[in-house]
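Reading through the structure tokens given below for one structure.
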Amino acid sequence: MYPLRRNRRLRTNDAIRHLVRETIITPSDFLVPLFVVDGKGVKEEIASMPNYYRLSIDTLEKEAKELWNMGLCAVLLFVKVPENLKDNKGTEALNANGLMQQAIKAVKSVCPDMLVMTDVALDPYSSFGHDGIVQDGQILNDETSEILAEMSVSHANAGADFVAPSDMMDGRILTIREALEDEGYLNTGIMSYSAKYASAFYGPFRDALDSAPVAMNNVPKDKKTYQMDVANRFEAITETQADIDEGADIVMVKPGLAYLDIVREIRNEVDVPVAVYQVSGEYAMLKAAAEKGWLDHDAVMMEQLIAIKRAGANIIASYFAKDAVKLMG
Ligand code: PBG
């Protein structure tokens, strides 16, 4: 009771504040998303993601080495697929010599110990911009899961350490796990996007990969029949528990900042590592405000990352990873 307890004593100076600090961000907290495109020598800035780039295989190798040297030892790969290779079933995703498969090998060739995770979903390969096969205005669940399982095996075969299904089909973790086991990939991990919301924060990412759902008759205009309703909390636990039961090694909550109540809830509920994806829209908002001089970029960035970790994240997928690590010096 006051004055016996004066809470400000623990805030008197840097030394005591450091001593009692509960949450510290380090390079090993991060998973770095990378966007891969066709071509050579390509490093093109994404319009809605300032200072973030699409990279061709050769520039990807350079980037991987740079990340590794900064202590960033885990990447999450996404590909931008040429329009002419897209179809309803994502056939190109299974091409053993496709962009993703090449990207995995490229990163492994320059940084053999880099943890390589791959996005598993149909949307960058889909002519309709959906994470599953579209038929009669619906997204087919089980047929999609079968393709995701084949895709996962293909990524494992190219050398991926973890596959990261971001599609939200029901039962896909079990289908993928069984396929990996059947093919002998016993040590290939699964990081499941388990509580992934139908969020409007993904806009810049869809620009980056040109993967937004297309406006067309009989094609759902959004992803609300598979991604979660932003208003729901209990469902996040059901989804996450199901994915763990089906064999997910790591689970994920996405987006980050607006969903930290869910992160805490999941962290309290489950016993596997919890990843949080601080998504493209979160990145874009801060970059835009900082460009206008309205927010202190570095201070707000660190505050947000600490908030995500404090909420319970064990792993943070973030476009700010490099910026943050540079700041740590
Ligand atoms: C698609 C996928 C999305 C993101 C990761 N994987 C977009 C979507 O679901 O439409 C979003 C990531 C971001 O916004 O940074 N499977």
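Tell me which trypsin sites (Lys or Arg not before Pro) from the range 270-318 have a DSSP coil assignment and no more than 15 other beta carbons within 10 Å of their own. Please report the intermediate quantities before stating the final value.
Working: sites: Lys287, Lys292, Lys309, Arg310; in loops: Lys292.
Within the range 270-318, the qualifying trypsin sites (Lys or Arg not before Pro) (loop, at most 15 other Cβ atoms within 10 Å) are Lys292.
Compactness ratio of the chain: Cα Rg over 2.2 N^0.38 Å, N = residue count?
Details: Rg = 20.1 Å, N = 329, 2.2 N^0.38 = 19.9 Å.
This ratio for the chain stands at 1.01.
Can you pull out the trypsin sites (Lys or Arg not before Pro) in the range 225-285 that DSSP calls coil and that have at most 14 other Cβ atoms within 10 Å? Please list the in-between numbers first.
Values: sites: Arg233, Arg264, Arg267; in loops: Arg233.
Of the trypsin sites (Lys or Arg not before Pro), the ones in loops of the range 225-285 whose Cβ has at most 14 other Cβ atoms within 10 Å are Arg233.
Give me the Å³ per residue figure for the convex hull around the C-alpha atoms of the range 1-152.
On the way: hull volume 32.3 nm³, N = 152.
Taking the convex hull of the Cα positions in the range 1-152, it is 213 Å³ per residue.
Taking loop as defined by DSSP and a crowding limit of 14 other beta carbons within 10 Å, which trypsin sites (Lys or Arg not before Pro) in the range 1-40 fit?
Arg5, Arg6, Arg21, Lys40
Nearest-5 percent of antiparallel DSSP beta bridges in the chain? Working shown, then result.
Details: 7 of 39 bridges.
For the chain, the DSSP antiparallel bridge percentage is about 20.
From the helices alone, meaning DSSP H stretches of at least four residues, give me the mean residue ellipticity at 222 nm for the chain, per-run term -39500 (n - 2.57), in deg cm²/dmol to the nearest 500. Write down the numbers at each step before the final one.
Details: 11 runs with 124 residues, N = 329.
Helix contribution divided over all residues of the chain: -11500 deg cm²/dmol.
Using the 2.2 N^0.38 Å rule of thumb for compact globular proteins, work out how the range 67-163 stacks up: its C-alpha Rg over that value, please. Working shown, then result.
Details: Rg = 14.2 Å, N = 97, 2.2 N^0.38 = 12.5 Å.
Normalised Rg, Cα atoms only: 1.13.
By average Cβ neighbour count within 10 Å, what is the ranking of 107-113, 194-200 from highest down?
Numbers: 107-113: 15.0, 194-200: 21.9.
Highest to lowest by the protection proxy: 194-200, 107-113.
Beyond 25 Å between alpha-carbons counts as too far, so tell me which of Lys292/Lys326; Lys105/Lys287; Lys65/Lys89; Lys196/Lys326 fall in that bin.
Working: Lys292/Lys326 22 Å; Lys105/Lys287 32 Å; Lys65/Lys89 34 Å; Lys196/Lys326 29 Å.
Beyond 25 Å: Lys105/Lys287; Lys65/Lys89; Lys196/Lys326.
Give, in nm to one decimal, the length gained when the segment between Thr91 and Ala258 is fully stretched (0.36 nm per residue of separation minus the Cα-Cα distance). Don't skip to the answer; put the middle values down first.
On the way: separation 167, 0.36 × 167 = 60.12 nm, distance 3.48 nm.
In short, 56.6 nm is gained.
Determine the dipole magnitude for the range 184-329: charges of +1 sit on the beta-carbon of Lys and Arg, -1 on that of Asp and Glu, nothing else is charged, the reference point is the Cα centre, and the result goes in debye to the nearest 20. Write out the running numbers ahead of the final one.
Working: 15 positive and 20 negative charges, 73 e Å.
Here the range 184-329 has a charge dipole of around 360 debye.
Based on the alpha carbon coordinates of the range 178-255, what radius of gyration and maximum Cα-Cα distance (Dmax) apply, in Å?
So, for the range 178-255, Rg and Dmax equal 15.3, 43 Å respectively.
Thinking of the range 85-140 as a set of Cα atoms, what percent of all their pairs are more than 18 Å apart?
Details: 639 of 1540 pairs.
Roughly 41 percent, once rounded to a whole number.
Return the ratio Rg/(2.2 N^0.38 Å) for the range 231-301, where Rg is computed over Cα atoms only.
On the way: Rg = 15.1 Å, N = 71, 2.2 N^0.38 = 11.1 Å.
Dividing the Cα Rg of the range 231-301 by 2.2 N^0.38 Å gives 1.36.
Report, in degrees rounded to the nearest 10, the 0 to 90 angle that the Cα long axis of helix 142-158 makes with the longest principal axis of the chain.
With both axes taken from Cα atoms, the answer is about 80 degrees.
To one decimal place, what Kirkwood hydrodynamic radius in Å is obtained for the range 260-329 from all pairs of distinct Cα atoms? Could the numbers behind the result be given before it?
Details: mean 1/r = 0.0779 Å⁻¹.
Hydrodynamic radius (Kirkwood, Cα pairs) of the range 260-329 is 12.8 Å.
What is the helix-to-structure angle for 99-110, meaning the angle in degrees between its Cα long axis and the longest Cα principal axis of the chain, kept from 0 to 90 and rounded to the nearest 10?
It works out to around 50 degrees.
Calculate the dipole size of the range 24-328 relative to its Cα centre from +1 charges on Lys and Arg beta carbons and -1 charges on Asp and Glu beta carbons; express the result in debye to the nearest 20. Walk me through the numbers on the way to the answer.
On the way: 27 positive and 47 negative charges, 208 e Å.
My answer is approximately 1000 debye.
Projecting each Cα onto the charge dipole of the range 1-73 (Lys/Arg +1, Asp/Glu -1 at the beta carbon, about the Cα centre), which of Ile24, Cys73, Val37 comes out farthest on the positive side?
Of the candidates, Ile24 comes out farthest on the positive side.
Around Ala15, with a cut-off of 14 angstrom between Cβ atoms, what is the net charge of the other residues, counting Lys and Arg +1 and Asp and Glu -1? Before the final figure, lay out each step's value.
Details: positive: Arg9, Arg11, Arg17, Arg21; negative: Asp14.
Around Ala15, the charge tally is +3.
Each value in this text was obtained by applying a stated rule to the coordinates, not by laboratory testing. Remember, it's a predicted structure, so these values are computed and weren't measured experimentally. Every residue, glycine as well, gets a Cβ built from its backbone with ideal geometry; the counts of neighbours run over all protein chains shown.
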